[in-house]
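Asker: My questions all concern the structure below.
Quick note: the coordinates plus some simple rules give every number you see, no bench work behind them. Quick caveat, the model's predicted, so the values are computed rather than measured. Don't worry about glycine lacking a Cβ; one is built from the backbone with ideal geometry, like all the others, and counts go over all protein chains shown.
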Amino acid sequence: MTSVERIVDVAIVGAGFAGLAMAGALRRAGRDDFVVLERAADVGGTWRDNTYPGVACDVPAHLYSLAAHPNPHWSRTFAPGGEIQTYLRDVAARERLGDRLRLRTPMLGAEWDAADAVWRIDTGIDAEPLIARSLVLACGRLTEPHVPPIDGLESFDGPLFHSARWDHDVDLTRQAGRRRRHRRQRGAARPRTRPPRRTRDAVPAHPRVDRPARRRRDPPQRPRASRREPRRPRPPARRALRRGRRTLRLALG
Ligand SMILES: Cc1cc2nc3c(=O)[nH]c(=O)nc-3n(C[C@H](O)[C@H](O)[C@H](O)COP(=O)(O)OP(=O)(O)OC[C@H]3O[C@@H](n4cnc5c(N)ncnc54)[C@H](O)[C@@H]3O)c2cc1C
């Protein structure tokens, strides 16, 4: 789509895994009249935004890839986030999405026009809405970082950031003292180190899963007579043979 094209067959919102997969499927089906609206400056979604140390997928990367774009080059079974981000950029390039991608273009709202059977999409960029016959929402579910209401968060004077917006300029090795000082100032109790006592009737909120006790490695001992394995019964053929021999011995004297 060019900047003058205001009517498309399909408008996809989001250029993460889902949006890129949809765009690729349309391309391969020969339906080229689509556009991908992405509010950020790059594709990748989750994997563009999450860059915290150690970020990686938690399902094997060979399964966490698009069927149309298998990747034999994953460096690890649980590929690092940066590698997945590179993979998604590569998918966009292989699907030749460059001219279909509209980066830095948010969908601010969409209205269904029943009379013309089209969506009117407000991107806040152009005066006129974008018009699409079909609208595909691939906006993700974890795109908005949620900061939990942690007690004392507002008075903490150290650097604060969500793991989905990691601040790589912060040296975390220097932050432990600041955290201790903050806790002291607020007079917060030391964190419990002992688990609460359990009564017989109490049902724990999270049932404890004890590891099986480790078996002591004792020196090998001969089994006591009572613990020895019972003798295996002799096969009937051998028993009959022995009986026959005994009879013969008796007959011969
Ligand atoms: C740290 C982390 C690890 C994860 N690991 C795994 C894993 O191992 N396995 C697994 O199955 N899942 C995992 N997930 C879940 C992951 O989010 C999904 O697997 C997948 O990446 C979601 O893709 P998506 O395209 O649906 O959404 P997203 O990747 O969130 O992409 C949505 C895109 O839509 C854009 N967007 C949103 N709203 C608008 C708007 N109004 N206008 C324009 N653009 C918009 C966003 O900017 C974003 O680029 C993980 C998630 C996180 C956060």
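Asker: Of the conditions (1) surrounded by 22 or more Cβ atoms within 10 Å (Cβ to Cβ); (2) in contact with a helix residue (DSSP H, G or I) (Cβ under 8 Å, 6 or more places away or on another chain); (3) assigned to a strand (DSSP E or B), Ala11 clears all except one; give me its number.
Answerer: (2)
Asker: Output the residues belonging to region 96-128 that are more than 31 Å from the chain's Cα centre (by Cα), part of a loop (DSSP other than H, G, I, E, B) and within 14 Å of the ligand (Cβ to nearest atom). Don't jump to the end; show me each part of the working.
Answerer: The first filter runs over region 96-128 and keeps only residues more than 31 Å from the chain's Cα centre (by Cα), leaving 111-122, 124-128.
Retained after the next criterion (residues that are part of a loop (DSSP other than H, G, I, E, B)): 114-117, 124-128.
Within region 96-128, Gly124, Ile125 qualify.
Asker: List every residue pair whose Cβ atoms lie under 8 Å apart, where the two residues are 6 or more positions apart in sequence or sit on different chains, the first residue falls within region 52-63 and is more than 8 Å from the ligand (Cβ to nearest atom), and the second residue, located anywhere, is aliphatic (A, V, I, L, M) and outside any loop (DSSP other than H, G, I, E, B).
Answerer: Taking only residues 6 or more apart or on different chains, the pairs are Ala61/Ile84.
Asker: Check Arg31 against each of (1) touching a residue at least 40 places away in the same chain (Cβ under 8 Å); (2) farther than 12 Å from Gly140 by Cβ; (3) of a type in the set (D, E, K, R) and name the one condition it does not meet.
Answerer: In the conditions (1) touching a residue at least 40 places away in the same chain (Cβ under 8 Å); (2) farther than 12 Å from Gly140 by Cβ; (3) of a type in the set (D, E, K, R), Arg31 misses (1) alone.
Rundown of residues vs (1) over 24 Å from Val36 (Cβ atoms); (2) surrounded by 14 or more Cβ atoms within 10 Å (Cβ to Cβ), yes/no style:
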site	(1), (2)
Asn71	no, yes
Thr77	yes, no
Gln85	no, yes
Leu103	no, no
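Asker: May I ask you to list the residues in region 73-95 that are in a loop (DSSP other than H, G, I, E, B), near the ligand (Cβ under 10 Å from one of its atoms) and within 18 Å of Ala21 (Cβ to Cβ)?
Answerer: Within region 73-95, just Ala79 meets the criteria.
Asker: Quick one: in region 109-129, which of the residues that are of a type in the set (A, V, I, L, M, F, W, C) and surrounded by 13 or more Cβ atoms within 10 Å (Cβ to Cβ) is nearest to Arg39 (Cα to Cα)?
Answerer: Taking region 109-129 and keeping what is of a type in the set (A, V, I, L, M, F, W, C), we get 110, 112, 114-115, 117-119, 121, 125, 127.
Now restrict to residues that are surrounded by 13 or more Cβ atoms within 10 Å (Cβ to Cβ): 110, 118-119, 121, 125.
On the way: Ala110: 15, Val118: 22, Trp119: 18, Ile121: 14, Ile125: 11 Å.
Here the answer is Ile125.
Asker: Considering each residue of region 15-51, count those that are of a type outside the set (Val, Ile, Thr), under 24 Å from the mean Cα position of the chain (by Cα) and either away from the ligand (no atom under 12 Å from the Cβ) or surrounded by 14 or more Cβ atoms within 10 Å (Cβ to Cβ) (or both), and give that number.
Answerer: Here is the first cut: in region 15-51, the residues of a type outside the set (Val, Ile, Thr) are 15-34, 37-42, 44-45, 47-50.
Now restrict to residues that are under 24 Å from the mean Cα position of the chain (by Cα): 15-25, 38-42, 44-45, 47-50.
Still in the list and also either away from the ligand (no atom under 12 Å from the Cβ) or surrounded by 14 or more Cβ atoms within 10 Å (Cβ to Cβ) (or both): 15-25, 38-40, 42, 44-45, 47-50.
Number of matching residues: 21.
Asker: On to the next question. Name the pairs: first residue in region 90-119 and in contact (Cβ under 8 Å) with a residue 40 or more places away in the chain, second residue basic (Lys, Arg), Cβ to Cβ under 6 Å, at least 6 apart or on different chains?
Answerer: Glu95/Arg27; Pro106/Arg39; Val118/Arg133
Asker: Output the number of residues of region 1-14 satisfying the condition of being under 30 Å from His162 (Cα atoms) and more than 7 Å from the ligand (Cβ to nearest atom).
Answerer: Summing the residues that are under 30 Å from His162 (Cα atoms) and more than 7 Å from the ligand (Cβ to nearest atom) in region 1-14 gives 1.
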